[in-house]
Amino acid sequence: MSLAQFLADLDALVERAQTTFNSADSAEALEAARVEFLGAKNGQLKSAQQGLGKVDKADKPTAGKRFNEVKGLVESAFEAAQENLSGAGEAASEAFDVTLPGKPVRIGRLHPITQTIREMKDIMGRLGFTAVEGPEIEDDWHNFEALNIPLSHPARDPLDNFYLGTANSAAAESDSPLLLRSQTSTVQIRVMENTKPPVRIISLGRVYRPDTADATHYPMFLQIEGLLVDKGVTMADLKSVLRLFFVSYFGGGEDMHVRFRPSFFPFTEPSVEVDMNWTDAAGNTGWMEMGGAGMVDPNVLRAVGYDPEEVTGFAFGLGVERICMRQHGITDIRDLYQNDVRFLSQF
Ligand code: DAH
């Protein structure tokens, strides 16, 4: 074989080997290519080596040198292909498959009572009432005395209140017993003590009474308290504010009415029970009791240093849970506080 022919065959071999190694797309294909070119028995390199014997003696050194170079080239082409392939494998196993469904993130939701609170603040805010807070641990003055509830009044009964310290009547009648507030009306006093009229506030918060829990009672519940004191405030103002509040909250219209029934609260005169007309799912209509209200008693205005000849005011106190339950058709107040996610996630 001529030297030229031998060298040309080698060049062709390198090219074939490189193409074959590079196009091997799996470990199996690469192994087959290795056997084809580098196989010890019938590999193409082996055949080329055998061709070396047929080259003229004088050309042998040149042919042999080139053969070694080509062998090196074929081997490194194989190694490079091997590396590429395993690198691609690693990359593939590490790669993030963007088409896989994601792990769902469980987003919590607002408790129905929290939703109700926010909505009430929002509605009353639009009616010009500022939301204020008061302490849940109260003293005798703010929970009773300033609200015109005298020492002899049954509302002060230790059995009806969570007095702190010794829960007996002696503690209740001591100079200034502390208790968990039994009503948000306390905040009326706190605000009026620190502000000159006009006053236009709501206070939303927890109150505590030693009731046994049943479908409609819970020893802790929430009230929304409203207070408006200004010159010339009348019961007509009270009724229209309450009606606007109910209309906004429940989404009613012209057919929504507020009914006042005569009642008694020590801190209002006159006092009323507030009812709202209601149509249930079956179409039955009736009145639903929402809370208490009235015109702020002159004694209360005097207790905070206001002049009842100069200003008048109205106040109301409504049960927050009752309103929330009515809105959602919840029939047991205890469901609101058991915090069973299966229940709460419905709202
Ligand atoms: N504080 C009363 C209660 O807890 C509710 C109430 C009645 C609040 C009349 C008022 C009101 O502001 O004017 O039963």
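Values quoted throughout were computed directly from the atomic coordinates according to the rules given, and no laboratory measurement underlies them. Computed from a prediction, not measured in an experiment: that's the story for all the values here. All Cβ positions, glycine included, derive from the backbone under ideal geometry; neighbour counts span all protein chains shown.
Side notes on the structure shown:
- Counting only Cα atoms, the range 174-299 measures 53, 42, 24 Å along its principal axes, largest extent leading.
- Relative contact order (percent, whole number), the chain, Cα cutoff 8 Å, 6+ residue spacing: 14 percent
- Calculated on C-alpha atoms, the gyration radius of the range 1-118 divided by its Kirkwood radius gives an Rg/Rh of 1.56.
- Reduced Cα scattering model of the range 295-340, Debye log10 I(q)/I(0), q = 0.26 Å⁻¹: -0.90
- Of all DSSP-defined beta bridges confined to the range 112-344, some 95% are antiparallel rather than parallel.
- Alpha-carbon geometry of the chain: the Rg and the Dmax are 44.4, 135 Å, given in that order.
- The aspartates and glutamates within cross-link reach of Lys65, meaning a Cα-to-Cα straight distance under 16 Å and a gap of 8 or more places when in the same chain, are Asp9, Asp11, Asp56, Glu75.
- Likely footprinting exposure, Met192, Met1, fewest C-beta neighbours within 10 Å first: Met1, Met192
- Efficiency of FRET from Cβ geometry, Ile107 and Gln82, R₀ 51 Å, rounded to 0.05: 0.60
- Counting only residues at least eight positions apart within a chain, or on another chain, the lysines with an alpha carbon under 21 Å from that of Lys71 are Lys41, Lys46, Lys54, Lys57, Lys60.
- Between the beta carbons of Arg342 and Asp25, assuming R0 = 41 Å, the FRET efficiency works out to 0.20 to the nearest 0.05.
- What you get for the chain, charging only the Cβ of Lys and Arg (+1) and of Asp and Glu (-1), is a dipole of about 1280 debye around the Cα centre.
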